[in-house]
1. Which residues, taken from the stretch 330-345, are among the polar types (S, T, N, Q) and modelled with pLDDT of 90 or more?
2. Check the stretch 239-254 and report whether any residue there is surrounded by 14 or more Cβ atoms within 10 Å (Cβ to Cβ) and within 17 Å of A172 (Cα to Cα).
3. So which residues in the stretch 155-167 are assigned to a loop (DSSP other than H, G, I, E, B) and either surrounded by 15 or more Cβ atoms within 10 Å (Cβ to Cβ) or among the aromatic types (F, W, Y) (or both)?
4. Between a residue in the stretch 294-313 that is assigned by TED's automatic domain parsing to the domain that holds R339 and any residue that is surrounded by fewer than 18 Cβ atoms within 10 Å (Cβ to Cβ) and part of a strand (DSSP E or B), which pairs come within a Cβ distance under 7 Å, given they are 6 or more apart or on different chains?
5. What is the number of the single condition among (1) of a type in the set (D, E, K, R); (2) over 30 Å from R97 (Cβ atoms); (3) modelled with pLDDT under 95 that K387 does not meet?
6. State all residues of the stretch 80-105 that are more than 15 Å from F167 (Cα to Cα), assigned to a strand (DSSP E or B) and in contact (Cβ under 8 Å) with a residue 40 or more places away in the chain; if no residue qualifies, say none.
7. Just to be sure, is R327 free of Cβ contacts under 8 Å to residues at least 24 places away in the same chain, of a type in the set (D, E, K, R) and in a loop (DSSP other than H, G, I, E, B)?
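The values are calculated or read from the model by the stated rules, or taken from the named source; none is laboratory data. As the structure is a prediction and not an experimental result, all values here were calculated from the model. Cβ: placed from backbone, ideal geometry, glycine included. Neighbour counts: every protein chain shown.
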Amino acid sequence: MLNDEIKEKVNRYLIHETDFLKVKDTMSEDRLRAFVDDAIINMCRDQNIHLELEQRAAVIRELVSAVISMGPLRLLMEDKTISEIMVNGANQVYIQRSGRITLSDIKFGSAAQLVHTIQKILAASGSNKRVDESSPYVDFILKDGSRVNVILPPCSLIGPVMTIRKFNEEIATVDDLLNLKMIDKNIATLLIAAMKAKFNVIFCGSTGAGKTTMLNVFSRHIPEEERIITIEDTPELRLLQKHVVSLVSKPSNIEGRGEITMRELFINSLRMRPDRIIIGEVRGEEMLDLIQSISSGHSGSLAIVHAETPEDCFNRMVLMMLMAGVRLSTEEIQKQVIRAIDIIVHVELFWDGRRRVTAITDPVYDKDTGKVSLRNVFWFEQHGMTKDGEIIGEWAVDRKKPSFYEKFKKRMVPLPEGFFEA
């Protein structure tokens, strides 16, 4: 019997046939191991299953590790209303719930206990990464998709700091975005069509605004037959298509060797016969390669850029190309970016804790004036706030045909009649 099947059977048995959920938080590690061991023995007897001693030990080790590795943070991780956990040393644990940050009652006994918990979380992630005084910071992903960042002294002056951004499984489809009022139906229609028509789309916004969530949801409308290559620093993308090749950059080792950058991965990906290239986050010189690859025929690329507004996003893209040392004028670089990028999607976290798409922007270069303009096709208009603190607003639309409209016709992806006017 496969290990995954065994774990699934043991999980079901623990939940349905024992008091595991009630007692797991009250037990020490040794007692928890004994409890799980007894449950496995009883399950094997009841269901006539034969397990080798090594298999049983492996299942116990993994199940107990998953329960105890979080230490005092376990309750926060199990609370689905919490989206982020911020540990600022042993005595301060902040949480984000509904977009608002508050101080929790959770504390660690000492900095040593916090470091011990960090090491157990890192070990349970299976990432094969390390963090210690000689390598004091690390990014890794938990098995449930949550993203973790750790930074230790001497880089941190307040003790060990850990930030956990929990993976939200509840936002998986366009309908989920609509129900949460992150977009409206017109925006959904446009972006779904843009995915099918192989548009080059940049998702931008500040930290925690929902850029990756938005990209994940709309990327699911990429046709199943296409070969998709994803490139990331830390794996956060969750694509449902079968033909996906995931690449992750590699930091240098303790001797300063062996680094593999996003740019190197991107250049290599062009030789892998991609139909689509998706970059988790563009931060530097790889922007030049992205723009040039789009210009040379690799359309349908998606990427994320940290930026406060669509204008900031465009300026950052130009700046990143300049950082690569390209010998072109700023105006010529702006033209290249405008020609390559079809749509900029800006996402923002509002004061009421709700994330919304605030602009769908059409980058345009006017040949007559020689000027660049960023024209909003959709934008969110804020009208006020309710007594409960919820922002009141709606999405406005400019029905004039955008510069990318002809691509829909060329690639035979229809929009509803009258969606844009002549």
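1. Listed by number, the residues that qualify are Q334, Q336.
2. Checked against the condition, which is being surrounded by 14 or more Cβ atoms within 10 Å (Cβ to Cβ) and within 17 Å of A172 (Cα to Cα), the stretch 239-254 yields at least one hit.
3. Within the stretch 155-167, S156, G159, P160, K166, F167 qualify.
4. P310/L374; E311/L374
5. Of everything listed in (1) of a type in the set (D, E, K, R); (2) over 30 Å from R97 (Cβ atoms); (3) modelled with pLDDT under 95, K387 misses just condition (2).
6. Within the stretch 80-105, V87, N88, R100 meet the criteria.
7. So R327 passes the test.
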